[in-house]
Amino acid sequence: MSEFQPLRDRSLQDILKAERAVRLAIEAERRQFVALLTGLAQQLLGEQLEDARRTDPSAPKFWTANDWEQFFKQFDHQHLNNPVPSPQGWSNDHDDRDTISRLNAQLERLEQENEQLRSKLSTEKKETNQVDPISGKKDTPQETKSSTKKESETPVDPHPLAEFKVPEKPLSFRQFFPNQNWTQLRWRRGTMMLYLIATLGINAHLEIDKCIAPIEGLSYRTNSTKKPMVMFEEAGVLEGAALSMDKGIQTTLKMVRLTNKGRELCQMLGWHPVQSDWELLLTKHDGERMSAHTLAVMLFAIHARARGWSTDVMPDIEGPSIPDIRVSRGGQNHLVEVELSVNDRPAKWKNLAQAQGYVALCAGDLKGRSRLVGDCKLAGHKGLATDLKTLDAKRIYDVTLEDPLWIENWE
């Protein structure tokens, strides 16, 4: 381990603590505004608020400034047609609307400050000196290109739905779902799912559930995320399959991807679909025939993202090396081979070492990792290594940004 590693770890911990403190403060202030607006809504439009809650049990906890504005417009119409004294003693509807507009403006300002703080923290992380765990030197990310996803050098936001806003149902909604009953609640959770698949290329229901459940206040692996997925599949918006592997680790994951109909719907909702991880492996790595390897790469990507690494499956790079995935976090940028076999593959490790100066590999289990690391050491390659069984020993729902992705490194 490099002598700079403790300094790097402490720097990351300080950044994460600062980010948590800022987020907690923002969330606390936002809760206060929501409580204030909820109290006002109960006094002025109590019956309408209860109707909204019956339609959507989470209302108004997750309402945006626009949602509040639309809700209080009911009061404008009601009060103008039938003026009533306000419990607060306001003299006329002009004062009412001024107060409502002021509260909405404060809520909108709070959301803007939240975004500014998020951008500031992201910038600070980029400027933090990071130390390469292999060389002990400040790392300069390798210039590689990707045609499918935007690469980020900073840790991935642990809440990929932070920028999500529930889209309106398109005018042709019934053409997509002629015989299905989409409640407001189910539509919100369903569009969250489509957003994750379309914009981030996520395929595994396991990871989709991990993203949606905490935001919606749900228990993991509930029917609340399974049902919209089934409805999308029945409507021909999504197509799915169960992928299995039994080398090193035994597991089966449900995968889904957009159909042409699903892509058309996402474009109507304002999202231009990227190629998902699964689609990239199917088209670039014979993923249908090598289904176990496909699942292994996708499982590694899931664990990497859960630990704050951005991922790029099947990245385009120059040279003979064809790595399975690139992971990036802070100043680190690693091209990784996911290898379930323990057969000697000297050409693969040589090409990877030439591409970035070292080897980064993910094996199926500890036994496979030890064998592959031993081969690399005999060939004189330094590197990083991890394995799926060790990573998966901790439930994906319990993984945090502090959990390491790499288990060993060597010179």
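The values are calculated or read from the model by the stated rules, or taken from the named source; none is laboratory data. These numbers come from a predicted model, not from an experiment. Neighbour counts are summed over all protein chains in view; Cβ atoms, including those assigned to glycine, are modelled from backbone coordinates with ideal geometry.
General observations
- The set of residues in the range 340-375 being in contact with a Leu (Cβ under 8 Å, 6 or more places away or on another chain) and within 15 Å of residue 408 (Cβ to Cβ) consists of 358, 359, 360, 361, 362, 363, 365, 368, 369, 372, 373.
- For the range 388-400, a residue qualifies if it is touching a residue at least 24 places away in the same chain (Cβ under 8 Å) and over 18 Å from residue 213 (Cα atoms), and the qualifying residues are 388, 389, 390, 391, 392.
- Checked against the criteria, residue 321 does not count as under 22 Å from the mean Cα position of the chain (by Cα) and among the hydroxyl-bearing types (Ser, Thr, Tyr).
- Condition check for residue 252: surrounded by 15 or more Cβ atoms within 10 Å (Cβ to Cβ), outside the structural domain of residue 343 (by TED's automatic domain parsing), out of contact with any helix residue (DSSP H, G or I) (no Cβ under 7 Å at 6 or more places or on another chain) and hydroxyl-bearing (Ser, Thr, Tyr): no
- Test: residue in the range 297-307 that is more than 17 Å from residue 201 (Cβ to Cβ), outside any helix (DSSP H, G or I) and either among the aliphatic types (A, V, I, L, M) or in the same structural domain as residue 199 (by TED's automatic domain parsing) (or both): no
- Filter result for residue 294 (in contact with an Asp or Glu (Cβ under 6 Å, 6 or more places away or on another chain) and either β-branched (Val, Ile, Thr) or assigned by TED's automatic domain parsing to the domain that holds residue 206 (or both)): no
- Take the conditions (1) polar (S, T, N, Q); (2) out of contact with any strand residue (DSSP E or B) (no Cβ under 8 Å at 6 or more places or on another chain); (3) at pLDDT below 90; residue 321 misses just one of them, which is (2).
- Boolean, residue 340 is in the same structural domain as residue 314 (by TED's automatic domain parsing), crowded, with 18+ Cβ neighbours inside 10 Å and at pLDDT 95 or above: no
- With respect to (1) in contact with a strand residue (DSSP E or B) (Cβ under 9 Å, 6 or more places away or on another chain); (2) at pLDDT below 90; (3) of a type outside the set (Ser, Thr, Tyr), the lone exception for residue 221 is condition (1).
- Here 271, 278 are screened, and the one residue that is within 22 Å of residue 207 (Cα to Cα), out of contact with any Cys (no Cβ under 7 Å at 6 or more places or on another chain), among the aromatic types (Phe, Trp, Tyr) and crowded, with 23+ Cβ neighbours inside 10 Å is 278.
- In the range 185-228, the qualifying residues are those that are in a loop (DSSP other than H, G, I, E, B) and among the β-branched types (Val, Ile, Thr), and the one that is farthest from residue 63 (Cα to Cα) is 202.
- Under the condition of being more than 15 Å from residue 323 (Cα to Cα) and in contact (Cβ under 8 Å) with a residue 24 or more places away in the chain, the residues counted in the range 280-294 number 2.
- In the range 286-316, residue modelled with the lowest pLDDT [restricted to those that are surrounded by fewer than 19 Cβ atoms within 10 Å (Cβ to Cβ) and either of a type in the set (Asp, Glu) or farther than 20 Å from residue 252 by Cβ (or both)]: 288
- Sole exception among (1) touching a Lys or Arg at 6+ places or on another chain (Cβ under 6 Å); (2) at pLDDT 95 or above; (3) under 24 Å from residue 11 (Cα atoms) for residue 358, by number: (3)
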